[in-house]
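Peer 1: Please find one structure pasted underneath; my questions will follow.
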């Protein structure tokens, strides 16, 4: 593996000379920015009607698979019957603390209610719908899948191609990299195996970890896991601190990000061409003289590209003979600051937080929140996300004849593997309990 210094030098040389890499000055944020019209057209937005949602729930949504996933058994048990569900309606109303005694009640209630989406919550000591009959102390969550939520709006300080709810192929690369880093960490560092990634329907992804030992984690342990992953501390507003020697997770993540930094940040996003953002770049340098020199030089020489400014830091660092910090460490931090996954600690920590179910329909786009397997193929929201309008055009009632089939087949395999492991694990736990009961 090449050293950090060699890798930075190699990437810098790949940029070519300033005249080769610097596009003509432009008044746009990014000359190659995708216009809102292109983004909307590319994602084929379609806002489903109540009749559309009713037809989808009645004919397409895999209720049985979702039931078995959350129940961990073919027959109803507390993992499902004591679990909270919430409904969101077109009017904006939000109805929490729904619970169901069976898969059939689950399906019939949603078909009758026709929510724009439904969300999944934790398992409680009593049925959530009966919460008013018990004390508040009884309504403490017992169990829930460990979840992660990654959203492109958290990258708005870096991406220039889009902002807000808009997305394009360029900025979706941030999500692809985040999935790769988080998935590896959850599997290799924590040993989780029953994980499913789900497209959020517009601009992000959710990860559901269904391993038994993940479901029984308390909030402090959930926080510990997500803070382990949250190198940037974006939501907590803390300063990033990459201490040496670097943690193996940091080293592994850097190897993934470094290979993409030049193309994704320097060439495609070009964030430091903008005056306010290039000032942030200068101020990130931990040396007052160098920071001042960079800000002054860039004001005197406007419209320089991010590639030029990245090289300027190197040039001035050497010309000023700066000794207060190691520039290779600074470059490593900048690569992390711009590209590392942006995570919401509270979404993952709070057991009473609800998250949209797989196979819901995004009300603003009509896209299905479809599961995918990043180990098989990088997910492309423009090609791999079924849209409700297209599904209806493909067939009126048979999901197997529509673009839903790959996602449902994948989810069914995931659920079957989970249930098989759950049955084995339950037998082992029951056996241990019997042995312990004989001890005296």
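Throughout, read-outs are computed from the coordinates displayed, never taken from laboratory work. These figures come from a predicted structure and were not determined experimentally. Quick reminder, even Gly has a Cβ in these numbers, built from the backbone with ideal geometry, and neighbours come from all protein chains shown.
Peer 1: If R0 is 25 Å, what FRET efficiency do you get for residue 377 and residue 244 from their C-beta distance, rounded to 0.05?
Peer 2: 0.10
Peer 1: Quick check: residue separation of residue 326 and residue 256 times 0.36 nm, minus the Cα distance between them. What number comes out in nm?
Peer 2: 23.0 nm
Peer 1: Using only Cα atoms and rounding to the nearest 10 degrees, what angle (0 to 90) does helix 306-319 make with the longest principal axis of the chain?
Peer 2: The angle comes out near 50 degrees.
Peer 1: Throw me the Rg/Rh for segment 233-339, computed over C-alpha atoms with Kirkwood Rh, two decimals.
Peer 2: 0.96
Peer 1: Run the quick spin-label model on residue 350 and residue 221: label points 7 Å from Cα toward the beta carbon, then report their separation in nm to one decimal.
Peer 2: 2.2 nm
Peer 1: Another question, then. For segment 108-253, how big is Rg over Rh, using alpha carbon atoms and the Kirkwood form of Rh?
Peer 2: That ratio equals 1.02.
Peer 1: Angle, helix 169-184 long axis vs. longest principal axis of the chain, Cα atoms, 0 to 90°, nearest 10?
Peer 2: Helix 169-184 and the main axis of the chain meet at about 60 degrees.
Peer 1: Assuming a viscosity of 1.002 mPa s and a temperature of 20 °C, what translational diffusion coefficient in µm² per second does Stokes-Einstein assign to the chain, Rh being the Kirkwood radius over Cα pairs?
Peer 2: In µm²/s, the coefficient rounds to 89.
Peer 1: Add -39500 (n - 2.57) for each DSSP H run of 4 or more in the chain, then divide by its residues: what number comes out at 222 nm, to the nearest 500 deg cm²/dmol?
Peer 2: Calculated mean residue ellipticity at 222 nm is -13500 deg cm²/dmol.
Peer 1: Same structure again: What residue among 159, 311, 243 shows peak mean-square fluctuation when the chain is described by a Gaussian network model with Cα springs under 10 Å?
Peer 2: Most flexible of the set in this elastic network: 243.
Peer 1: Here is a follow-up. Ranking 423, 111, 361, 196 by Cβ neighbours within 10 Å, fewest first, what do you get?
Peer 2: 423, 111, 196, 361
Peer 1: Highest mean first, what order results for 124-131, 146-153, 86-93, 374-381 on Cβ atoms within 10 Å?
Peer 2: Ranking, from highest mean packing down: 146-153, 124-131, 374-381, 86-93.
Peer 1: Hey, another quick one. What angle, in degrees between 0 and 90 and rounded to the nearest 10, separates the Cα long axis of helix 50-59 from the longest principal axis of the Cα atoms of the chain?
Peer 2: Orientation of helix 50-59: about 60 degrees from the principal axis.
Peer 1: Applying a 10 Å radius around every beta-carbon, put 329-338, 250-259 in order of their mean neighbour count, most first.
Peer 2: 329-338, 250-259
Peer 1: I'd like to compare 135-145, 382-392, 260-270: which one has the highest average count of other Cβ atoms within 10 Å, and what's the full order after that?
Peer 2: My ranking of the peptides, most packed first, is 260-270, 382-392, 135-145.
Peer 1: What distance in nm lies between label points placed 7 Å from Cα along the C-beta direction at residue 102 and residue 426?
Peer 2: Roughly 1.8 nm, to one decimal.
Peer 1: Let's test the formula: R0 of 30 Å, r as the Cβ-Cβ distance of residue 280 and residue 190. What FRET efficiency results, to the nearest 0.05?
Peer 2: With a Förster radius of 30 Å, E is 0.35.
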